[in-house]
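Chemist: Take a look at the following structure, please.
The values are calculated or read from the model by the stated rules, or taken from the named source; none is laboratory data. Just so you know, these numbers come straight off a predicted model, no measurement behind them. These accessible areas exclude ligands, DNA and RNA; they are computed on the full protein's heavy atoms, side chains included. Shrake-Rupley method; radii C 1.70, N 1.55, O 1.52, S 1.80 Å.
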Amino acid sequence: MQFAFTDEQHQYRDIVARFCRDKSPSSRVRAQMASDAGFDRELWKQLCGELGMSGVHVPEALGGQGYGAVELGIAMEEMGRVMFCGPYFSSSVLATYALLNGATPRQQADWLPQLCAGSVIATLALAEPGGSWDPGAVTATAVERNGQWWIDGVKSYVLDGHVADLFIVAARAPGSTGLEGLSLFAVPATASGLSVKALKTLDATRRLSWVQLRGVQASLLGAADAAAAGLLRTLDQAVVALSAEMVGGAQALLDSAVAYAKLRVQFGRVIGSFQAIKHKCADMLLDVEFARSTAYRAAELAASDSEELQEAACIAKALASDAFMQAATDTLQIHGGIGFTWENDTQLYYKRARSSGALLGSAAEHRDRYVLRLAERQAGDRK
């Protein structure tokens with residue numbers, strides 16, 4: 001087990017943190033929230049081109065930086081601190097992992113260099129109106145006719161679907177159920193029969209879309225009816241990255257709460273001198289550090305392709321969701337009424353905590369999944 005980051009990883013964190021602080025201050029986040037696209041395309045080009053962050057975990061032969069899940073977690077954590085607006089999680093995490101886990105080498109060579117360069121924005125269309133991120137809940141169907149694949153169905157909660165150039169769509173063979181009969185398909189945004197509608201969301205820093213496919217022609221990724229394992233692995237890896245981002249947001253809230261407690265004067269004393277505020281800040285620190293430890297451990301397991309990744313991802317997401325939400329609630333309380341005014345950034349983090357807590361499954365869902373996974377492992381050991 002690795003208990004500390006390497007010098008190179010520390011240097012990488014410093015570079016990413018400096019970029020995020022300089023290029024994504026609160027004022028710029030608010031401006032991007034108000035825009036139609038929801039992000040700054042010039043800033044996206046800098047992130048992809050100058051820093052190469054969009055392909056940090058992609059092999060160099062496919063246009064990436066050749067690092068792994070730990071470095072991706074570092075990037076996500078620093079972007080979480082500033083609520084970075086952009087299609088990073090949708091394109092560089094979800095879609096990229098889906099291609100790495102489910103596409104053929106030829107297909108990876110066709111698409112991944114474009115995703116790493118930022119010239120193509122992609123997203124994973126998995127969840128449907130029911131809201132489940134379980135691949136077994138997919139109802140969209142794909143049929144093959146005369147050597148061509150056609151998809152019918154509805155996808156919802158598609159991240160950055162309104163700006164995506166490419167959709168990685170999960171669909172199943174008609175009549176199949178559960179994890180059987182699942183396939184992945186590449187669908188360009190210009191495909192006939194594809195319609196996209198932006199959804200109204202609580203968190204304006206992370207856009208979601210509703211996508212309908214009516215007889216849409218698609219290109220099969222990988223082998224037919226064999227996408228389940230790759231999808232499950234993609235979700236585990238994405239959950240680890242999302243957990244790191246949530247830890248970054250929770251840390252930003254903790255820093256804000258402590259700084260405000262040292263400045264705000266009430267009853268002739270700074271509120272940080274009151275025991276109740278001290279206890280609240282101390283509890284926040286414990287929650288954030290605990291969540292950080294589990295997120296780092298999960299990233300390490302993801303980098304080493306460990307069999308324990310699923311359990312680690314579940315507990316990391318559960319703890320990060322709880323820590324982020326609790327930090328947002330406590331920071332609001334410490335700030336008082338001003339914390340939920342539009343001018344104060346605390347309310348932005350609160351909304352991000354709410355949306356991230358539901359994304360890819362709630363804390364309760366991941367705890368249930370963790371218990372079921374442990375039960376399966378124990379049953380296998382007894383055999």
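Chemist: Rounded if a/c is under 1.5, else prolate if a/b beats b/c, else oblate: with a ≥ b ≥ c from the C-alpha gyration tensor eigenvalues square-rooted, which is the range 203-294?
Modeler: Prolate shape, in that a/c is at least 1.5 and a/b is the bigger ratio.
Chemist: First compute the accessible area of the range 132-222 with a 1.4 Å probe, then give the percent of it belonging to carbon and sulfur atoms.
Modeler: Looking at the range 132-222 in its full context, I get 51 percent from C and S.
Chemist: While we're looking at this one, here's another question. How high is the relative contact order of the range 146-204, in percent, with contacts defined as C-alpha pairs under 8 Å that are six or more residues apart?
Modeler: Relative contact order, the range 146-204: 32 percent.
Chemist: Still on this model: Angle check, please: helix 309-335 long axis (alpha carbons) against the longest principal axis of the chain (alpha carbons), in degrees 0 to 90, nearest 10.
Modeler: The angle comes out at about 40 degrees.
Chemist: If you work out P(r) over Cα pairs in 10 Å bins from 0, in percent from the coordinates, which of [x] 5, 21, 29, 23, 12, 6, 4, 2, 0, 0; [y] 5, 23, 33, 25, 10, 3, 1, 0; [z] 5, 23, 31, 25, 13, 3, 0 do you get?
Modeler: Label of the calculated value: [y].
Chemist: Could you go through the range 229-234 in sequence order and give the Karplus-derived ³J(HN,Hα) for each residue, using 6.51 cos²θ - 1.76 cosθ + 1.60 with θ = phi - 60°, rounded to whole Hz, and x for Gly and Pro?
Modeler: Computed from phi, the couplings for the range 229-234 are 4, x, 5, 4, 5, 4 Hz.
Chemist: I need the phi-derived Karplus couplings for the range 41-56: 6.51 cos²θ - 1.76 cosθ + 1.60, θ = phi - 60°, integer Hz, Gly and Pro marked x.
Modeler: 3J(HN,Hα) across the range 41-56, in whole Hz: 5, 5, 5, 4, 5, 5, 4, 7, x, 6, 9, x, 5, 5, x, 4.
Chemist: Considering the Cα positions of the range 255-369, please state its Rg to one decimal place and its Dmax as a whole number of Å.
Modeler: 16.5, 56
Chemist: Taking amide hydrogens as modeled 1.01 Å from N in the peptide plane, which residues meet the under 5 Å criterion relative to A125, leaving out close sequence neighbours?
Modeler: Distant-sequence amide H within range of A125: I168, V169, A170.
Chemist: Keeping every protein chain present and rolling a 1.4 Å probe, give me the accessible area per residue for the range 171-272 in Å².
Modeler: About 42 Å² of surface per residue is accessible.
Chemist: Under a cut-off of 13 Å between alpha-carbon atoms, report the aspartates and glutamates in cross-link reach of K351, not counting same-chain residues fewer than 8 places apart.
Modeler: Result set, ordered by chain and number: D203.
Chemist: Same structure again: Helix 69-82 versus the longest principal axis of the chain: what angle, 0 to 90°, nearest 10, using Cα atoms?
Modeler: 50
Chemist: Let me ask something else about it. Protein chains only, probe 1.4 Å: how do K278, K317, K23 rank by accessible area, largest first?
Modeler: K278, K23, K317
Chemist: Going down the table (K23/K278; K200/K280; K23/K262; K280/K317; K45/K155), which pairs top 26 Å between alpha carbons?
Modeler: With Cα atoms farther than 26 Å apart: K23/K278; K200/K280; K23/K262; K45/K155.
Chemist: How far, in degrees from 0 to 90, does helix 363-382 lean away from the longest principal axis of the Cα atoms of the chain, to the nearest 10?
Modeler: Approximately 60 degrees, to the nearest 10.
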